[in-house]
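K.L.:
Before we start, here is the structure in question, set down as structure tokens.
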Amino acid sequence: MLETIINQLKKFPLTRVSPNPEDHSLTAAVLVALHGDPGNPQVVLTQRANHLKNHAGEVAFPGGMWDAVDNHLLDTALREAHEEIGLVPRLVTPVATLPEASPKRRNLLVTPYVGLVESPLQLVADPSEIAAIFDLPVRLLLDINQYQYFEIKNEHGALRFPYLAYHEFKIWGFTLKVLVDMINATLGAGIELEYPSDQRINKLRQRGQ
């Protein structure tokens with residue numbers, strides 16, 4: 001499976017781009033770190049600390065905001081992964097740059113980088129940012145029966161999002177979409193999930209202002 005993923009990721013060439021100076025404060029990068037058994041690879045995910053201002057307690061890739069010390073966004077992803085989970089950059093072999101996207105609930109542009117990491121991993125969470133580190137088997141993403149939906153409600157309405165439950169973790173939002181888009185593009189998974197439209201999200205945002 002891993003060999004197929006890597007071969008198919010050639011359609012997403014590795015790039016080392018820097019953010020537009022006018023947009024760098026809203027630019028981030030994350031690392032989709034694959035490792036383990038080539039026949040059943042896993043991806044490293046984190047659960048963000050509950051005290052964080054944004055996306056507290058949510059499942060995410062290691063990564064974060066671009067910083068002036070970064071030469072490009074790949075540097076950002078590797079630096080943040082080192083800071084958050086202790087993943088040493090030299091142990092990562094970057095292989096692809098996935099399409100940049102924005103989380104549905106934030107005005108932020110995020111570039112995901114896929115990297116291969118040799119197992120076993122010795123990762124340590126920075127408690128100021130990360131509550132937990134765990135591995136998600138990629139094979140689990142291929143089973144359409146694993147996906148469910150939940151609603152986020154307020155006095156102005158509700159938004160319905162897909163998610164995947166794994167042990168005590170709930171994988172949804174930007175993280176889930178990047179993973180599903182990747183397996184659809186590389187493994188032909190054909191997983192189709194329903195997300196609220198940008199128009200619907202913006203409408204509820206405007207009502208809440």
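The values are calculated or read from the model by the stated rules, or taken from the named source; none is laboratory data. Not measured: the values here are computed from a predicted model. Here the Cβ positions follow ideal geometry from the backbone for every residue, glycine too, while neighbour counts run over all protein chains shown. Areas reflect the complete protein model, heavy atoms only, side chains present, ligands, DNA and RNA absent. Shrake-Rupley method; radii C 1.70, N 1.55, O 1.52, S 1.80 Å.
K.L.:
Of all residues in segment 144-182, which are closer than 15 Å to F61 by Cβ and not in a strand (DSSP E or B)?
P.N.:
Across segment 144-182, the qualifying residues are G173, F174, T175, L176, K177, V178, L179, V180, D181, M182.
K.L.:
Which ones in segment 125-171 are open to solvent by 30 Å² or more (accessible area, probe 1.4 Å), aromatic (F, W, Y) and within 12 Å of Y195 (Cβ to Cβ)?
P.N.:
Y149, Y163
K.L.:
Scan segment 42-55 for residues that are open to solvent by less than 50 Å² (accessible area, probe 1.4 Å) and out of contact with any strand residue (DSSP E or B) (no Cβ under 7 Å at 6 or more places or on another chain) and jot them down.
P.N.:
L52
K.L.:
Further question on the same structure: Quick one: how many residues across segment 1-34 are in contact with a Pro (Cβ under 8 Å, 6 or more places away or on another chain), closer than 20 Å to A185 by Cβ and not aliphatic (A, V, I, L, M)? Walk me through it before giving the result.
P.N.:
Kept after step one, since they are in contact with a Pro (Cβ under 8 Å, 6 or more places away or on another chain), are these residues of segment 1-34: 1-3, 5, 12, 14, 27, 29-34.
Then keep just the ones that are closer than 20 Å to A185 by Cβ; that gives 1-3, 5, 12, 14, 29-34.
Adding the requirement that they be not aliphatic (A, V, I, L, M) leaves 3, 12.
The qualifying residues number 2.
K.L.:
Taking segment 173-209, which residues are modelled with pLDDT of 95 or more and among the hydrophobic types (A, V, I, L, M, F, W, C)? Give the derivation first.
P.N.:
Taking segment 173-209 as the starting set, the residues that turn out to be modelled with pLDDT of 95 or more are 175-193.
Scanning segment 173-209 gives L176, V178, L179, V180, M182, I183, A185, L187, A189, I191, L193.
K.L.:
Something else: Please work out which one of (1) within 16 Å of the chain's Cα centre (by Cα); (2) touching a residue at least 40 places away in the same chain (Cβ under 8 Å); (3) part of a helix (DSSP H, G or I) is the condition A132 fails and give its number.
P.N.:
For A132, the failing item is (3).
K.L.:
Please find, within segment 56-79, the residue that is surrounded by the most Cβ atoms within 10 Å (Cβ to Cβ) out of those that are over 19 Å from V114 (Cβ atoms) and in contact (Cβ under 8 Å) with a residue 60 or more places away in the chain.
P.N.:
That would be E58.
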